[in-house]
Structure formats: structure tokens, C-alpha cells
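**Q** Have a look at this one.
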Amino acid sequence: SLHLPLYAPERAPNTPPTSAMRAFRQALVEFESGGGLPTRHEKYSRQAKMIRSGLSDLGFSFFTPTADASSTVTVATVPKGFTAESWLSPNYEAGYALFECKGDLRDGWFQVSTMGEVTDEMVEAWLVLVKRLLGR
């Protein structure tokens with residue numbers, strides 16, 4: 001018969017998630033070297049305003065009133081004449097990762113984020129794509 005040794009609960013064998021811990025440590029180093037929370041918040045807020053202003057000018061509505069909205073994720077209406085899928089697909093094909101909403105919001109709303117390696121120039125280029133997709 002196969003015998004596995006019994007371990008005391010306080011000494012259970014497990015392997016620490018070394019790669020995840022190293023990645024998190026590096027992320028913290030990069031976060032701090034990039035100016036920390038104040039700089040990151042300013043970037044996210046600036047880009048969220050760019051996105052919301054550009055979409056608003058094109059007639060999009062937002063799930064959350066602008067004053068209460070997150071600086072990292074904007075939830076906007078899928079434009080008339082598109083389904084969620086037909087809106088997300090050409091954005092994805094052009095290199096922009098938008099996200100579908102879940103549940104009751106799935107068919108009429110989409111999400112766009114400012115998190116990650118997003119530059120102001122990328123936001124501006126995406127808004128140009130949005131205009132082109134809308135035929136403007």
C-alpha cells in the first residue's frame with residue numbers, strides 16, 4: 001500500500017508562490033519609481049477624462065455619473081447599430097482591449113480601462129478609431 005507521511009497542521013508541506021512573490025515585488029519597485037500613488041492616480045484620472053470627454057462628444061452615455069465614476073474603468077453604452085460583440089470585435093482587431101459587461105449590462109454596455117501601460121497617445125488613437133467605426 002502507498003503510505004504518505006502525516007504532517008502536523010503547522011508544518012504542512014507547500015511550496016510558496018515564489019514567481020508570484022517576485023513579480024509583485026518588481027511591480028512595487030516599478031510603482032514607486034514611477035511616482036507612486038499620486039502620479040498613478042493623476043494619470044488614470046487624466047486618461048479617464050479624455051475617454052469620457054471623447055465618448056460624450058460622440059453621443060455615448062455612461063453607466064455611472066461622471067462625478068462618481070472610477071478613474072480606472074469607464075462603462076459606456078454600446079453605440080446604436082452595434083451589438084456588444086460587433087462593437088468589441090473591431091476594437092480588439094485594431095489592438096484595443098475593451099471588455100464586455102456582465103449580467104443585465106452585457107448587451108448594452110462595454111468597459112474601457114486606463115490601467116496598465118496606456119499612454120495618452122493610445123487613448124487619442126483609440127478615440128480616432130471610435131470615430132471611424134461610427135462613420136464620422
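**Q** Within the stretch 43-68, track down each residue that is without any contact (Cβ under 8 Å) to a residue 24 or more places away in the chain, assigned to a helix (DSSP H, G or I) and more than 16 Å from the chain's Cα centre (by Cα).
**A** Correct list: 53, 56, 57, 66, 67, 68.
**Q** Condition (residue is touching a strand residue (DSSP E or B) at 6+ places or on another chain (Cβ under 8 Å), within 17 Å of residue 43 (Cα to Cα), part of a loop (DSSP other than H, G, I, E, B) and hydrophobic (A, V, I, L, M, F, W, C)) applied to the stretch 69-81: is it met by at least one residue?
**A** The answer is yes; a qualifying residue exists.
**Q** Within the stretch 33-42, is even one residue out of contact with any helix residue (DSSP H, G or I) (no Cβ under 6 Å at 6 or more places or on another chain), in contact (Cβ under 8 Å) with a residue 24 or more places away in the chain, part of a helix (DSSP H, G or I) and aliphatic (A, V, I, L, M)?
**A** no
**Q** Something else: Pull up the stretch 70-94, narrow it to residues that are of a type in the set (Gly, Ala, Ser) and under 14 Å from the mean Cα position of the chain (by Cα), then point me to the one that is least open to solvent (accessible area, probe 1.4 Å).
**A** For the stretch 70-94, the residue satisfying everything is 76.
**Q** Moving on. Give the residue, chosen from 94, 125, that is more than 17 Å from residue 74 (Cβ to Cβ) and either at pLDDT 95 or above or aromatic (Phe, Trp, Tyr) (or both).
**A** Being more than 17 Å from residue 74 (Cβ to Cβ) and either at pLDDT 95 or above or aromatic (Phe, Trp, Tyr) (or both) holds for just one of 94, 125, which is 94.
**Q** Working carefully through the options 43, 49, find the one that is open to solvent by less than 50 Å² (accessible area, probe 1.4 Å), of a type in the set (D, E, K, R) and within 20 Å of residue 122 (Cβ to Cβ).
**A** Of 43, 49, the one residue that is open to solvent by less than 50 Å² (accessible area, probe 1.4 Å), of a type in the set (D, E, K, R) and within 20 Å of residue 122 (Cβ to Cβ) is 43.
**Q** Still on this structure: Exactly one condition in (1) in a helix (DSSP H, G or I); (2) within 14 Å of the chain's Cα centre (by Cα) is not met by residue 97; state its number.
**A** Single failed check for residue 97: (1).
The values are calculated or read from the model by the stated rules, or taken from the named source; none is laboratory data. Remember, predicted model here, so these are calculated numbers, not experimental data. In this analysis, Cβ positions are derived from the backbone assuming ideal geometry, glycine residues included, and neighbour counts consider all displayed protein chains. Each accessible area value is taken on the protein alone, full model and side chains, heavy atoms only, with ligands, DNA and RNA left out. Shrake-Rupley method; radii C 1.70, N 1.55, O 1.52, S 1.80 Å.
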